[in-house]
Amino acid sequence: MTTEVSSLLDRIAVLLAAPRRVVLGITGAPGAGKTTLAETLLAALPADTVAHLPMDGFHLADAQLSRLGLRDHKGAPETFDVDGYVAALRRLHDEPDRTLYVPGFERDLEQPIAAAIAIEPSARIVVTEGNYLLLPDDGWERVRPLLTEAWFVDGDDDVRRARLVARHEQFGKPPAAARAWVEQVDEPNARLIAATRGSADLVVRMS
């Protein structure tokens, strides 16, 4: 990672000086390293004071994508339950004394799993990461006001694309299909996300 973790932790410490719960959003293109950054921060912070809320849990299930004719666009903004995601973020602020159960995403199944994650009241900082945290329309514009800060993960595009192809192959796509998915689905999404970079509070460079 190019950006020093220590400087990021110092920034988080400043945010935690306020009495309210901190909701840190990490965004960036598919394969940019959002989850890697989130997991690095989670491992470096006291376990009883931090929680993880991945946006991936709010993928629509394949049954809904098929019903909507969106199965071949899985991962695009319209293939997520943005209303459910926004509602969860609001509850982090409005009900900090209650355990919040949110869906996770099972990579082997490529499906969301209901109530897979529990965010306890002790979590002073919640790290939420996903592609579309800074989109300005289609309901996503409600996300940014609910984030204490939003960080944009940036890096080398060739490395990012190679990482995506490898990920798709790992979860069952043949090499040609994996490359086609990256070019036809992931890269249009990446261009959409890149346009939101200027709305972030901080750009984190990943190697």
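The values are calculated or read from the model by the stated rules, or taken from the named source; none is laboratory data. Remember, predicted model here, so these are calculated numbers, not experimental data. Heads up, the Cβs are rebuilt from the backbone with ideal geometry, glycines too, and the neighbour counts pull from every protein chain shown.
Structure notes:
- Residues in the range 134-152 that are without any contact (Cβ under 8 Å) to a residue 60 or more places away in the chain and either surrounded by fewer than 13 Cβ atoms within 10 Å (Cβ to Cβ) or within 23 Å of Thr3 (Cβ to Cβ) (or both): Asp137, Pro145.
- One residue stands out in the range 153-204 among those that are surrounded by 14 or more Cβ atoms within 10 Å (Cβ to Cβ) and of a type in the set (Lys, Arg): the one that is farthest from Val5 (Cα to Cα), namely Lys173.
- Residues considered: Leu60, Leu70, Leu89. Of these, the only one that is modelled with pLDDT of 95 or more, farther than 30 Å from Arg20 by Cβ and touching a strand residue (DSSP E or B) at 6+ places or on another chain (Cβ under 7 Å) is Leu60.
- In the range 47-100, the residues that are loosely packed, with under 12 Cβ neighbours inside 10 Å, within 19 Å of Arg124 (Cβ to Cβ) and touching a residue at least 24 places away in the same chain (Cβ under 8 Å): Asp48, Asp97
- Selection count where residues are of a type in the set (Asp, Glu), closer than 25 Å to Trp181 by Cα and modelled with pLDDT of 95 or more, scope the range 109-153: 3
- Selected residue [of a type outside the set (S, T, N, Q), part of a helix (DSSP H, G or I) and touching a His at 6+ places or on another chain (Cβ under 7 Å)] from Ala38, Ala63, Ala88: Ala38
- Within the range 101-113, considering residues that are closer than 21 Å to Ala29 by Cβ and charged (D, E, K, R), the one surrounded by the most Cβ atoms within 10 Å (Cβ to Cβ): Glu110
- Any hit, the range 47-57, residues being in a loop (DSSP other than H, G, I, E, B), on the phi < 0 side of the Ramachandran plot and out of contact with any strand residue (DSSP E or B) (no Cβ under 9 Å at 6 or more places or on another chain): no
- Hey, Val14 among the β-branched types (Val, Ile, Thr), at pLDDT 95 or above and either within 16 Å of the chain's Cα centre (by Cα) or surrounded by 16 or more Cβ atoms within 10 Å (Cβ to Cβ) (or both) or not: no
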